[in-house]
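All remarks here apply to the structure that follows.
The values are calculated or read from the model by the stated rules, or taken from the named source; none is laboratory data. Bear in mind that the values here come from a model prediction, so they are computed numbers and not experimental data. Glycine also receives a Cβ, built like all others from the backbone with ideal geometry; neighbour counts cover every protein chain displayed. The accessibility values were calculated without ligands, DNA or RNA, using every heavy atom of the protein model including side chains. Shrake-Rupley method; radii C 1.70, N 1.55, O 1.52, S 1.80 Å.
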Amino acid sequence: LVMETGGYLSHGAIVAREYGIPAVLNVPRAMHLIPDGATIMLDGGTGTIQLAEKAPSG
């Protein structure tokens, strides 16, 4: 889960914790920087997000 706003007690953080999924919150411009359909690698422990490289098609 990547959110542009929010903190440790935000709804997104609580839902992520309940479902056991990683979350990085308070990422300014996340919606502009991560393209639709992109695959990302997310580390909730360090708060890092990386765009995964696409495999060559063909």
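Looking only at segment 34-45, filter to residues that are open to solvent by 70 Å² or more (accessible area, probe 1.4 Å) and farther than 14 Å from Ile21 by Cα; which one of those is nearest to the chain's Cα centre (by Cα)? Before the answer, list the steps.
In the first step, residues of segment 34-45 are kept if they are open to solvent by 70 Å² or more (accessible area, probe 1.4 Å); the result is 35-37, 39, 41, 45.
Adding the requirement that they be farther than 14 Å from Ile21 by Cα leaves 35-37, 39.
Details: Pro35: 12, Asp36: 13, Gly37: 13, Thr39: 10 Å.
Among them, the one singled out is Thr39.
Answer with yes or no whether Ala30 is free of Cβ contacts under 8 Å to residues at least 24 places away in the same chain and of a type outside the set (S, T, N, Q).
Working: free of Cβ contacts under 8 Å to residues at least 24 places away in the same chain: no; of a type outside the set (S, T, N, Q): yes.
No.
How many residues, within segment 6-19, are part of a loop (DSSP other than H, G, I, E, B) and open to solvent by 90 Å² or more (accessible area, probe 1.4 Å)?
Filtering segment 6-19 down to residues part of a loop (DSSP other than H, G, I, E, B) leaves 6-10.
Those still in the list that are open to solvent by 90 Å² or more (accessible area, probe 1.4 Å) too: 8-9.
Of the residues in segment 6-19, 2 are part of a loop (DSSP other than H, G, I, E, B) and open to solvent by 90 Å² or more (accessible area, probe 1.4 Å).
Sort out which residues of segment 20-33 are among the small types (Gly, Ala, Ser) and either at pLDDT below 90 or open to solvent by 40 Å² or more (accessible area, probe 1.4 Å) (or both), and write them in order of number.
Step one: filter segment 20-33 for residues among the small types (Gly, Ala, Ser), giving 20, 23, 30.
Of everything in segment 20-33, just one residue is among the small types (Gly, Ala, Ser) and either at pLDDT below 90 or open to solvent by 40 Å² or more (accessible area, probe 1.4 Å) (or both), namely Gly20.
Okay, residues lined up against (1) at negative phi; (2) not in a strand (DSSP E or B):
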| site | (1), (2) |
| --- | --- |
| Glu4 | yes, yes |
| Ile21 | yes, yes |
| Asn26 | no, yes |
| Pro35 | yes, yes |
| Ala38 | yes, yes |
| Met41 | yes, no |
